[in-house]
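So the structure is just underneath, and the comments pick up after that.
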Amino acid sequence: MRLSRFLMILKSKRRKCSVLRLRRAIKCVFPQDITRVLLNLISNGFYAATKRKAEAEGDGYEPTLVASTRSLGDRVEIRVRDNGRGIPPEVKEKMFNPFFTTKPAGEGTGLGLSICHDIIVKQHGGSIEVDTQPGKFTEIRVTLPRVTALIS
Ligand SMILES: Nc1ncnc2c1ncn2[C@@H]1O[C@H](COP(=O)(O)OP(=O)(O)OP(=O)(O)O)[C@@H](O)[C@H]1O
Ligand SMILES: [Mg+2]
C-alpha cells in the first residue's frame, strides 16, 4: 500500500488520529520530527511484511500494518504493528545502533531507528519499546509527553 493512501486510511479511522491531529496533541518543538518517526517505523513494518510475503509462497499470508494512537493523559501513545518477519534477539539488541542494518548493501542506511531514538527519547523525553516474535509480528510502542521541554 502506498504511504499516502495509508495515511489517508489512518485519518479516517475512528480512535486513530491523523498525523496533523497527533502533532496538535503533542506540543512538540519540531512537529516534522514526529512525521519522520512515523515514516521510519511504517517503512520498517512494510519492509518486514513484504519480505515475509515473498518467503510465504502463496500460503495465504496477508501483509498487515496497523498504526494507532491513544491518549494516556499527559502522554500520547503511538503503536505501529506489523505481521512481518519479526526480530530475532541478536538483532533486537543492536537495532537502535547507528548504521546497524540487516538489509543488503545499498538498501538501507541503518539510521532509521537511531534517528527515531534521538527524536523520541533524547529530544522529546519519550520512550520506545519493542515487542516482537520472530516469524510472527513486531510492535513498536512510542510514548511522548504532550508538552515537551526542549532537551538539548
Ligand atoms: N518492523 C520490523 N520488523 C523486522 N525487523 C525490523 C523492524 N524494524 C527494524 N527492524 C530491524 O532493525 C534494523 C535496523 O532498522 P533501521 O530502521 O534502523 O535501519 P534499516 O531499516 O535497516 O535501514 P533504513 O532505515 O535506512 O532503511 C533493520 O535492518 C531490521 O533488521
Ligand atoms: Mg528503517
When every residue in the range 137-152 that is of a type in the set (Val, Ile, Thr) and assigned to a strand (DSSP E or B) is compared, the one nearest to residue 64 (Cα to Cα) is 138
Within the range 96-107, restricting to residues that are under 22 Å from residue 53 (Cα atoms) and in contact with a helix residue (DSSP H, G or I) (Cβ under 8 Å, 6 or more places away or on another chain), the one that is farthest from ligand 2 (Cβ to nearest atom) is 102
Within the range 112-136, the count of residues that are within 13 Å of ligand 1 (Cβ to nearest atom), touching a helix residue (DSSP H, G or I) at 6+ places or on another chain (Cβ under 9 Å) and assigned to a strand (DSSP E or B) comes to 3
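Read the figures in this text as sums done on the coordinates, not as results from a lab. All figures in this text were calculated on a predicted structure; none of them were measured in a lab. Reconstructed Cβ throughout: ideal geometry from the backbone, glycine too, with neighbour counts over all protein chains shown.
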